[in-house]
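A short worksheet on the structure shown next.
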Ligand code: SF4
């Protein structure tokens, strides 16, 4: 077994919390530049230029990209030969979130109870997902998730007979309903399969895939292209001002499911696409 002190996880989460809030995902910046080059609408061009300028200012001045610094969503892959020592994982993650958000002067956006709505003051607790994998490494992804896009995300239990077109229609309908509220241009995470509770996790995990990588399954890569085309035909555009680019990319993650089910979840990601990752 390889011992890993949980203090290292606290330190890594604190660093990722700050860095990811200051720095727009590199792949997303490249997508914005491409979108600007191909955009005809002056309003959308202006929004895209402002987003690129905002990213430059945030990174240069160590200021958050957006006032909504998000729920701290943390994904782990933990090798089965790792032994976490000197504390528990959940407390270590929350200590890192607390240090990163308070030390980086990032807004605390969590309320301790969804009805009483009192701010916890330090953006804890985090939402933590853990996969056990072979090996002796710990891999961490930090995804600060803004509420504007999260609120407009949807899931549905489609019938298998709805098929490929049913999936495309559901994603397009979700994006059309979201309009400007999800802060486009979007990255669209789509979870396919699993169960009622599992599909949304697949959709969120799909957002972690680096933007410059293709889906390894050709039929899913083709689905991603068709969804992207259909979504951009809506003409919502950057900031909702109309234009060619409502979404910059679609990422589909699939999982086996019941013969009688076709669970689909759509997790919308906004123009503050922030993902940090590190391996310990
Ligand atoms: S949805 Fe994204 S871009 Fe919009 S306010 Fe929230 S974090 Fe900012």
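Key figures for this structure:
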| quantity | calculated |
| --- | --- |
| Rounded if a/c under 1.5, otherwise prolate or oblate - the stretch 49-176, Cα gyration tensor axes | oblate |
| Virtual spin-label span in nm between residue 127 and residue 244, 7 Å along Cα→Cβ | 3.3 |
| Amide N of the stretch 1-16 lying under 14 Å from the label point, which is placed 7 angstrom from the Cα of residue 83 along Cα→Cβ | 1-6 |
| Shape of the stretch 123-264, Cα gyration tensor, a/c cut at 1.5 | oblate |
| Residue 147-residue 118 pseudo-label distance in nm [points 7 Å out on the Cα-to-Cβ vector] | 1.8 |
| Contact order relative to length of the stretch 147-271, as percent, for alpha carbon pairs under 8 angstrom and 6 or more apart | 45 |
| Percent antiparallel among DSSP beta bridges (both partners in the chain, rounded to 5) | 55 |
| Three-way shape call for the stretch 13-95 based on the alpha-carbon gyration tensor, with the a/c threshold at 1.5 | prolate |
| Extension gain from residue 233 to residue 197, taking 0.36 nm per residue of separation minus the Cα-Cα distance | 9.9 nm |
| Debye intensity ratio I(q)/I(0), log10, the chain, q values 0.14, 0.15 Å⁻¹ (C-alpha model) | -1.04, -1.17 |
| Those residues of the stretch 252-280 whose amide nitrogen sits under 17 Å from the label point placed on residue 225, 7 Å along Cα→Cβ | 252 |
| Fraction of antiparallel bridges per DSSP, the stretch 147-271 only, in percent to nearest 5 | 55 |
| Residue exposure sequence - 39, 19, 118 - by fewest surrounding Cβ within 10 Å | 118, 19, 39 |
| Estimated [θ] at 222 nm from DSSP helical runs (n ≥ 4, -39500 (n - 2.57)) normalised by residues in the chain, nearest 500 | -12500 deg cm²/dmol |
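Each reported figure results from applying straightforward, stated rules to the coordinates on display, with no laboratory input. What you see is a predicted model, and the numbers here were worked out from it, not measured in a lab. All Cβ positions, even for glycine, are placed from backbone atoms using ideal geometry, and neighbour counts span all protein chains on display.
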